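The values are calculated or read from the model by the stated rules, or taken from the named source; none is laboratory data. Because the structure is a prediction, the values reported are computed rather than measured. Cβ placement follows ideal geometry from the backbone for every residue including glycine, while neighbour counts extend to all protein chains displayed.
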Amino acid sequence: MSLIPTDSTAPVIARKTRTKSDRSSAKIPTSKVSSKGTPVLAPGVASITHLTNRLAEYLSPSELKTIREAYRFSDEAHLGQMRMSGEPYISHPIAVAEICADWKLDAQAIMAALLHDVMEDQDVHKEELIERFGAPVANLVDGLSKLDKIEFQSQVEAQAENFRKMLLAMARDVRVILVKLADRLHNMRTLGSMAPEKKRRIARETMEVYVPIAHRLGLNNIYRELQDLSFSHLYPLRYRTLAKAVKAARGNRREVVSKILESVNNTLDATGIPAQVYGREKTLYGIYRKMANKHLSFSQVLDIYGFRIVVDSFANCYVALGALHALFKPMPGKFKDYIAIPKLNGYQSLHTTLIGPYGTPVEFQIRTQDMHHVAESGVAAHWLYKDDEGSLTDLQQRTHAWLQSLLDIQKQTGDSAEFLEHVKVDLFPDSVYVFTPKSKIIALPRGATALDFAYSIHTDVGDQTIAVKINLEQVPLRTELRNGDIVEIITAPTSRPNPNWLSFVRTGKARSAIRHHLRTINLTESTELGHRLLSQALSTLNLSPVLPDSLVERLLNESSAKSLEDLYADIGVGKRMAALVARHIMGLIEIDTTSQTPQTDINGELIPAKIDPVVIYGSEGISVQLAPCCLPIPGDAITGQMRRDQGLIVHTVECETAKRQHAKEPDRWIEVAWGDELNRRFDCRISLLTKNEKGILARVAAEIGESDANISNVGMDDDKDHLMTQFRFTIQVEDRVHLARLMRNVRRISGVTRLLRDRNN
């Protein structure tokens with residue numbers, strides 16, 4: 001099955017599929033008659049007549065008056081501004097407002113759609129909008145405006161901060177994202193006039209952020225169109241090739257589709273179920289992803305077509321399902337009941353795959369008219385505010401809960417890039433449904449672990465987790481959850497999050513909570529380490545590590561850190577790179593006669609100063625960790641990796657894991673060295689191959705004890721003939737000299753045939 005839900009399809013039988021030429025007519029009005037039969041204007045002319053006619057269907061005359069005022073204000077603000085295609089810019093806000101009108105958004109949202117670019121492009125102040133159109137409209141426009149006036153260290157940081165602003169505005173008012181999605185949809189429809197590189201950048205951004213948001217909010221029509229448009233700009237050749245293949249297949253399979261349609265209609269009529277049967281065709285991107293994920297050729301993707309059955313009542317959904325299963329044989333394991341357990345975005349339908357004529361798999365969706373409305377329009381189908389009775393629907397409650405989770409993640413996250421990372425994780429569309437011991441259903445992203453479940457219950461539950469039971473059996477915290485699992489969390493008040501948890505948790509809430517805890521509990525250590533790293537990086541550039549107050553103030557203003565200690569802490573936990581911060585400081589310094597002048601060569605290039613390595617004593621706490629993959633010990637040649645929110649990770653130079661990660665992120669590695677006075681033992685792994693003799697384990701363990709080493713873990717494997725035994729010990733030693741002495745002593749034991757130090761898991 002494709003990862004795309006089976007609702008991500010477009011009608012092909014009951015109604016005409018929207019073609020590319022149909023979409024292009026939505027760019028701006030033309031002199032022709034539109035697909036809906038409404039007269040529009042010639043290119044170069046913009047009008048809101050079509051928009052107001054649609055709004056008049058559900059808005060009052062007074063509301064239409066305020067919308068016209070917003071249009072006139074926007075038209076004046078954008079006067080003389082043109083789009084890349086040569087059209088007047090005002091055509092874009094009008095088109096965005098028309099998309100919002102299709103969702104029947106209120107007057108404030110329509111006004112925000114018309115005004116969404118005036119703050120960003122025309123320097124209109126928020127105060128002016130408040131005075132002219134009221135605070136709610138101004139807040140919506142502000143939430144839609146980018147932070148162009150702020151200086152950021154990188155394009156990535158700027159993009160992340162803009163997304164954070166938009167998503168937090170969405171958490172306060174979902175209309176922000178609805179207008180933004182309409183804006184993005186029209187931009188994607190009219191992307192043809194952009195440069196190829198810009199097309200790809202915008203398409204990639206749309207696929208990574210806006211497509212998942214549209215899916216999460218249940219806006220499936222927008223989700224499908226944005227997906228296909230992004231696909232067409234990211235991979236234009238693949239898109240055209242696949243479109244041509246689908247067109248050819250459509251003609252070849254018309255007979256099969258017609259036969260199925262006739263059989264289904266006759267069966268439902270005989271059963272006495274009033275129903276509408278629609279033919280559906282999967283999106284090109286859905287077909288492409290199925291081919292890519294399952295390594296199939298186009299001819300092997302049989303279920304390009306499907307059918308949607310819309311019935312009159314909840315009960316008839318199941319009656320229709322029974323009738324279909326009597327007509328065609330169902331495929332085992334291909335039935336899903338999203339009515340009993342709706343998707344996170346409120347989607348409800350029965351899904352079943354049947355073996356149709358000629359052995360072709362055919363997918364059916366069965367739903368009521370209300371379910372169909374929600375499936376197509378999501379949160380836009382039911383306005384996200386309380387009705388007259390003050391109650392909220394299930395969909396509204398779920399959406400509010402998700403929006404609230406964004407605010408919770410924001411409270412625990414200081415960095416915009418990290419916030420965006422967490423949100424992207426939670427936007428992952430596929431879900432797994434598990435149960436609490438009291439039979440409450442919890443929905444989590446596919447791949448979520450038992451620890452993610454604990455954090456979904458409450459942050460404190462996650463922080464204090466020590467063990468977990470799945471279906472009454474104790475399992476590791478990293479165990480992935482499956483549909484139908486019953487999960488029980490065991491906690492202890494003294495338990496605290498472990499940095500290793502970050503390597504396997506899946507949800508944004510869990511990751512942000514763990515990182516928040518590690519930052520706060522280990523703040524002093526992280527601050528000290530960050531101070532040392534920044535001082536060394538400044539010394540490399542021949543700059544004084546002591547920063548004057550004026551420079552500190554400028555640095556904090558441009559780095560979004562609240563204090564110098566926060567900046568040090570960010571460096572210490574790996575959120576910021578000391579070298580980059582040092583170069584930023586260098587750019588801020590005004591070289592004068594009192595400042596130390598950096599040394600340069602004859603070509604004017606900066607001569608780096610010799611940098612002292614970071615000294616490792618092994619007692620630094622959580623801010624410095626010895627990598628579990630290679631377990632370095634004193635005497636090993638070592639190197640250090642700065643990991644986000646895990647601080648400094650120390651590897652051996654020979655570690656294969658370290659080599660792979662160094663190739664990916666070379667700028668995150670620093671020189672480290674062992675200190676002279678070490679007052680602790682270090683873990684180390686050794687492997688022994690011994691003869692399968694009586695008492696061999698006792699003799700080896702005794703010798704390790706005699707060598708003044710402690711055994712912290714032991715494992716063993718037999719060969720199939722039971723002639724040899726392999727032991728794996730984790731022992732605690734002082735340094736390489738101590739380890740070498742121990743290994744010499746163990747090798748003398750009778751029955752030991754091979755002894756090695758394990759460098760990697």
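Annotations for the structure displayed:
- Residue among Ile649, Ile711 that is among the aliphatic types (A, V, I, L, M), surrounded by 15 or more Cβ atoms within 10 Å (Cβ to Cβ) and farther than 17 Å from Arg748 by Cβ: Ile649
- Selection from the stretch 443-495 of residues that are among the β-branched types (Val, Ile, Thr) and within 14 Å of Ile514 (Cβ to Cβ): Thr449, Thr459, Val461, Thr465
- For the stretch 227-241, a residue qualifies if it is free of Cβ contacts under 8 Å to residues at least 60 places away in the same chain and touching a Phe, Trp or Tyr at 6+ places or on another chain (Cβ under 6 Å), and the qualifying residues are Asp228, Phe231, Ser232, Tyr239.
- For the stretch 649-665, the set of residues classified as closer than 21 Å to Ser503 by Cβ and of a type outside the set (A, V, I, L, M) consists of His651, Thr652, Cys655, Glu656, Thr657, Lys659, Arg660, Gln661, His662, Lys664, Glu665, listed by residue number.
- Filtered residues of the stretch 635-677 (kept if of a type in the set (S, T, N, Q) and closer than 16 Å to Val614 by Cβ): Thr639, Gln641, Gln646, Thr652
- Taking the stretch 297-314 as the range and being in a loop (DSSP other than H, G, I, E, B) and either at pLDDT below 85 or under 22 Å from Val256 (Cα atoms) (or both) as the test, the residues that pass are Ser297, Val301, Leu302, Asp303, Ile304.
- Any chance Glu157 is outside the structural domain of Phe73 (by TED's automatic domain parsing), outside any loop (DSSP other than H, G, I, E, B), surrounded by fewer than 21 Cβ atoms within 10 Å (Cβ to Cβ) and at pLDDT below 85: no
- Some residue of the stretch 240-256 being buried (at least 22 other Cβ atoms within 10 Å of the Cβ) and either more than 24 Å from His116 (Cα to Cα) or not basic (Lys, Arg) (or both): no
- The residues of the stretch 714-760 that are surrounded by 12 or more Cβ atoms within 10 Å (Cβ to Cβ) and among the small types (Gly, Ala, Ser), listed by number, are Ala740, Gly751.
- Conditions (1) exposed (fewer than 14 other Cβ atoms within 10 Å of the Cβ); (2) over 19 Å from Ile355 (Cβ atoms); (3) among the hydroxyl-bearing types (Ser, Thr, Tyr): number failed by Ser232: (1)
- Any hit, the stretch 495-513, residues being more than 30 Å from Val546 (Cβ to Cβ), outside the structural domain of Pro628 (by TED's automatic domain parsing), without any contact (Cβ under 8 Å) to a residue 12 or more places away in the chain and over 25 Å from the mean Cα position of the chain (by Cα): no
- Test for Glu205: is it among the acidic types (Asp, Glu) and at pLDDT below 85: yes
- Filter result for the condition that a residue is modelled with pLDDT under 90, under 37 Å from the mean Cα position of the chain (by Cα) and not hydrophobic (A, V, I, L, M, F, W, C), over Asp758, Asp708, Asp717, Asp676: Asp758
- Per-region count, the stretch 75-125, residues outside any helix (DSSP H, G or I) and either out of contact with any Phe, Trp or Tyr (no Cβ under 7 Å at 6 or more places or on another chain) or over 19 Å from Leu185 (Cβ atoms) (or both): 20
- Among residues of the stretch 742-758 that are free of Cβ contacts under 8 Å to residues at least 60 places away in the same chain, those with a beta-carbon under 7 Å from a residue that is of a type in the set (Gly, Ala, Ser) and buried (at least 17 other Cβ atoms within 10 Å of the Cβ) at least six positions away or on a different chain give the pairs Leu742/Ser707; Leu742/Ala709; Asn745/Ser707.
- Among the conditions (1) under 32 Å from the mean Cα position of the chain (by Cα); (2) modelled with pLDDT under 85; (3) surrounded by 15 or more Cβ atoms within 10 Å (Cβ to Cβ), Val124 misses just one, which is (1).
- Listing of strands (runs of 3 or more DSSP E) fully contained in the stretch 315-427 that carry 2 or more residues being modelled with pLDDT of 85 or more and surrounded by fewer than 16 Cβ atoms within 10 Å (Cβ to Cβ): 329-337
- Residues satisfying the stated conditions in the stretch 455-480, i.e. touching a residue at least 40 places away in the same chain (Cβ under 8 Å) and either of a type outside the set (Val, Ile, Thr) or assigned to a loop (DSSP other than H, G, I, E, B) (or both): Tyr455, Ser456, Gly462, Asp463
- Of all residues in the stretch 684-703, those that are exposed (fewer than 13 other Cβ atoms within 10 Å of the Cβ) and touching a residue at least 60 places away in the same chain (Cβ under 8 Å) total 1.
- Residue in the stretch 29-47 that is more than 26 Å from Ala112 (Cβ to Cβ), modelled with pLDDT under 50 and within 31 Å of the chain's Cα centre (by Cα) present: no
- Leu229 vs. criteria at pLDDT below 90, in contact with a helix residue (DSSP H, G or I) (Cβ under 9 Å, 6 or more places away or on another chain) and in a helix (DSSP H, G or I): no
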